[in-house]
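Visitor: Got a structure for you, questions after.
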Amino acid sequence: MPKIYTKEQLIARLREIRDMGWVKNARQGNVGGVGNTLEDLLGIEENNLPIPNASEWELKCQRSNTTSLTTLFHCEPSPTALRIVPSILLLKYGWKHDKAGKRYPLTEMSFRQTISGAIRSDRGFKVVIDRKDRKITISFDAKAVDPRQADWLDSVSNKVGLDELNPQPYWGFDDIYHKAGTKLLNTFYVLADVRKNSDGIEFFHYNRILKLTKFSIDGWLDSIEDGCLYVDFDARTGHNHGTKFRLKQNELPRLYKAIEEI
DNA sequence: GGTACCTGGAA
DNA sequence: GTTCCAGGTAC
């Protein structure tokens, strides 16, 4: 049974965990171990923060030494009925997976793109904010494709042509606002130092705890346009890992109107 | 069992 | 910093 906390008890427990210093990674070898271990220490189940108004709160945890982006949440683009990632992006704009014929079948395709609102990717993709129609769209511009992707561009030309995406994947402002409202309205953000012993056993020190409240949709849109917040497609033929919004390190407070170190 | 979602990283 | 990639769970 998961432990039930009041908000004050949860904060007190997080402080206790911070003051424990180094704790062993409970899921050695698993990249998600930093979050799993914290959940174990709290005695809670995954994605189920057992506090009052739990639906308004999120617990996010991150290695402080990582350069990787923070995944905020997943959300498949509209129109969802078209299943646009596996049916269009992967089939028409995908490429042969690096491990096709090795780990995967010869026919394995890949469509992995971390897409910015500030610059186009080398395959010509960009996130564009459409404030008039209140949506976040994905745009493709063949003219912006880097020469080193020329072979791939030829394949796109043969399969679907070089015009703008049709339809363009998008997320409505209201969709994002409501999604963020269920995932990011209030967040406990925990940063962990990492140490690995000579025997390869990994330890964490959960030494920084921030309480972030009051989600800001304007901060969200500005972060996209500034190139701090990315849309990340992540599909291969046998597994669509899903489309996610990912944030640069240390930028999470931009998405909130209030921040408090606890 | 397929889809959408979760946690992330290596070069 | 950009490109491309990973195992796992809820329903």
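The values are calculated or read from the model by the stated rules, or taken from the named source; none is laboratory data. Here the structure is a predicted model, which is why all the values come from computation and not from measurement. Note: ideal-geometry Cβ built from the backbone for every residue, glycine included; neighbour counts use all protein chains shown. Protein only, heavy atoms only, side chains kept; ligands, DNA and RNA dropped before computing areas. Shrake-Rupley method; radii C 1.70, N 1.55, O 1.52, S 1.80 Å.
Visitor: Tell me which of these A:LYS183 doesn't satisfy, since it passes every other one: (1) more than 15 Å from DNA strand B (Cβ to nearest atom); (2) closer than 18 Å to A:HIS74 by Cβ; (3) at pLDDT below 90.
Guide: Of the numbered conditions (1) more than 15 Å from DNA strand B (Cβ to nearest atom); (2) closer than 18 Å to A:HIS74 by Cβ; (3) at pLDDT below 90, the odd one out for A:LYS183 is (1).
Visitor: For A:ILE176, indicate whether it is part of a helix (DSSP H, G or I), within 16 Å of the chain's Cα centre (by Cα) and at pLDDT 95 or above.
Guide: Against the criterion (part of a helix (DSSP H, G or I), within 16 Å of the chain's Cα centre (by Cα) and at pLDDT 95 or above), A:ILE176 does not qualify.
Per-residue answers, yes or no, for (1) touching a residue at least 60 places away in the same chain (Cβ under 8 Å); (2) in contact with a Pro (Cβ under 9 Å, 6 or more places away or on another chain); (3) farther than 18 Å from A:GLU225 by Cβ:
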position	(1), (2), (3)
A:ILE51	no, no, yes
A:THR67	yes, no, yes
A:HIS74	yes, no, yes
A:LEU91	yes, no, yes
A:TRP95	yes, no, yes
A:ARG120	no, no, no
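Visitor: Just give me the residues in the stretch A:214-262 being more than 14 Å from DNA strand B (Cβ to nearest atom), at pLDDT 90 or above, open to solvent by 10 Å² or more (accessible area, probe 1.4 Å) and β-branched (Val, Ile, Thr), in sequence order.
Guide: A:ILE217, the sole residue that qualifies.
Visitor: Right, next: Out of all the residues in the stretch A:67-87, is one or more in a loop (DSSP other than H, G, I, E, B), hydroxyl-bearing (Ser, Thr, Tyr) and within 11 Å of DNA strand C (Cβ to nearest atom)?
Guide: Yes.
Visitor: Still on this structure: Quick one: in the stretch A:111-126, of everything that is part of a strand (DSSP E or B), touching a Ser or Thr at 6+ places or on another chain (Cβ under 8 Å) and within 16 Å of DNA strand B (Cβ to nearest atom), which residue is most open to solvent (accessible area, probe 1.4 Å)? Break it down into steps so the answer makes sense when it comes.
Guide: The initial filter retains those residues of the stretch A:111-126 that are part of a strand (DSSP E or B), namely A:111-115, A:125-126.
Right, trim to touching a Ser or Thr at 6+ places or on another chain (Cβ under 8 Å) and you get A:113-115, A:125-126.
Filter once more, keeping what is within 16 Å of DNA strand B (Cβ to nearest atom): A:113-115, A:125.
Details: A:GLN113: 15, A:THR114: 66, A:ILE115: 1, A:PHE125: 1 Å².
The residue in question is A:THR114.
Visitor: Out of curiosity, is A:PHE203 among the hydrophobic types (A, V, I, L, M, F, W, C) and within 21 Å of the chain's Cα centre (by Cα)?
Guide: No; evaluated as a whole, the condition is false for this residue.
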